[in-house]
Amino acid sequence: MDTPLTVGNALQELAALMARLRGPAGCPWDKQQSWHSLLPYTIEEAYEVAEAVETGQVAALRDELGDLLFHVVFYSQIAEEKTLFSLEEVIRTVTRKMTRRHPHVFAPSATADQAGLPAAHEVPARWEEIKRQEKTAQRAQRGESGPASLFDDVNSHLPALLWAAKVQRKMGQVGFDWPDADGVMDKVREELAELEQARQREDAAAVEEELGDLLFTLVNLARHLQLNPEITLRRATRKFQNRFRHMESCLHQTGQTVETATLEQLEALWQEAKIASGTIQDTQ
């Protein structure tokens, strides 16, 4: 039977395992990896965490979180070998940051009960203000002049939907925004009309630009409807994928495939799949 481990001991055990994998008698593949070579796998692991959350697979979530944690240890081990930083520094840095960004909990003036705490919807604004103060201090330490940008902490390497959502959220925080979703809906219609006009002119560059504007506005609409556009699109994609799998299954039972079926058969099966979608599991 495994000896029960505390969180700290378990993390030390994982760090020791990683050091051994990268050591002289370790795994040839692990020893060959760098931050850059690991990056595609890390992104994949993050999306597998998202998949487990969205489909409600608890055991899978536990496993995927473990894989993601392993990557944190992996990056830190490589850094330590280069004498850049250690896993302990990673943990202490994030602990200090989260303590600093939650003054309503950890500051000396914080109350011991819920009475003096901000409401949940007030916390993000306070969080952003603290982050702005941190960025200003960092710029001063680097000797940078000129005003800080609202987008200094916006990572343009995010997936496009998330990047657009974060840019729009930042602009909304300073009041450059529609007052409600109705205004955004009007903008969606406007952008759709401009896209159609570009199509009619057969102007390929304008079509691309107008389609981008439409997508950007739809992301803004999602924000005003208090929806995450990335998650919303993932759910829609999974829904349509599951409907198509239903069609494939029905055709397989009759010895056919989607390639051999007629368009009329496919349309009928699609409508059937839409009706049955309440019973088709998203986890398929």
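What follows draws every value from the coordinates through simple rules; no lab data is involved. This is a predicted model, so every value here is computed, not measured. All Cβ positions, glycine included, derive from the backbone under ideal geometry; neighbour counts span all protein chains shown.
Taking the empirical scaling 2.2 N^0.38 Å for compact globular proteins as reference, region 10-116 has a Cα radius of gyration ratio of 1.36. For region 193-284, a simple Cβ point-charge model (Lys and Arg +1, Asp and Glu -1, everything else neutral) yields a dipole of about 640 debye relative to the Cα centre.
Kindly state, to the nearest 0.05, the FRET efficiency for GLU44 paired with SER249, given R0 = 25 Å and r defined as their beta-carbon distance. The pair GLU44/SER249 has a calculated efficiency of 0.35.
Label sites at GLU89 and SER34, each approximated as a point 7 angstrom past Cα along Cα to Cβ, lie 2.0 nm apart. Eigen-decomposition of the gyration tensor built on the alpha-carbon atoms of region 160-224 gives equivalent ellipsoid semi-axes of 24, 13, 8 angstrom, largest listed first. P(r) tail for the chain, what percent of Cα pairs lie past 35 Å? Result for the distance tail: 43 percent. Give me the one-decimal nm value for the distance between modelled label points at GLN173 and GLN141, 7 Å along each residue's Cα-to-Cβ direction. Calculated label separation equals 1.9 nm. Taking 0.36 nm per residue of separation and subtracting the Cα-Cα distance, full extension of the segment from LYS239 to GLU54 would add 65.4 nm. On full extension, the segment bounded by ASP182 and SER277 gains 31.2 nm, given 0.36 nm per residue less the C-alpha separation.
Nearest 20 debye, what's the magnitude of the dipole of the chain about its Cα centre given +1 on Lys and Arg Cβ and -1 on Asp and Glu Cβ?
1140 debye
Applying 0.36 nm per residue to the separation of THR260 and THR99 and subtracting their alpha-carbon distance, the gain on full extension is 51.9 nm. When +1 charges are put on Lys and Arg Cβ atoms and -1 charges on Asp and Glu Cβ atoms, the dipole computed for region 134-193 relative to its Cα centre reaches about 300 debye.
Considering only LEU195, GLN138, VAL123, and ranking their Cα positions along the charge dipole of the chain that arises from unit charges at the beta-carbon of Lys, Arg, Asp and Glu, the one farthest toward the positive end is GLN138.
What is the calculated FRET efficiency for ASP153 to GLU208, with r their C-beta to C-beta distance and R₀ = 45 Å, to the nearest 0.05?
Step by step, r from the Cβ atoms, then E = 0.95.
In region 229-276, taking the dipole from charged Cβ atoms about the Cα centre, the farthest positive-side position among GLN265, PHE240, CYS250 is held by PHE240.
Just checking the listed ones, ALA60, ALA79, ALA107: in the Gaussian network model of the chain with Cα springs under 10 Å, the one fluctuating most is ALA107.
For the pair ALA119 and LEU227, a Förster radius of 22 Å applied to the C-beta separation gives a FRET efficiency near 0.60, rounded to the nearest 0.05.
The lysines whose alpha-carbon is closer than 22 Å to the alpha-carbon of LYS135, local same-chain residues fewer than 8 away aside, are LYS97, LYS166, LYS170.
Report the far tail of the P(r) of region 133-284, meaning the percent of Cα-Cα pairs longer than 27 Å. Can you show the working numbers first?
Values: 5912 of 11476 pairs.
When all Cα pairs of region 133-284 are counted, 52 percent exceed 27 Å.
Under 25 Å of direct C-alpha separation, and excluding same-chain neighbours fewer than eight residues apart, LYS274 reaches these lysines: LYS239.
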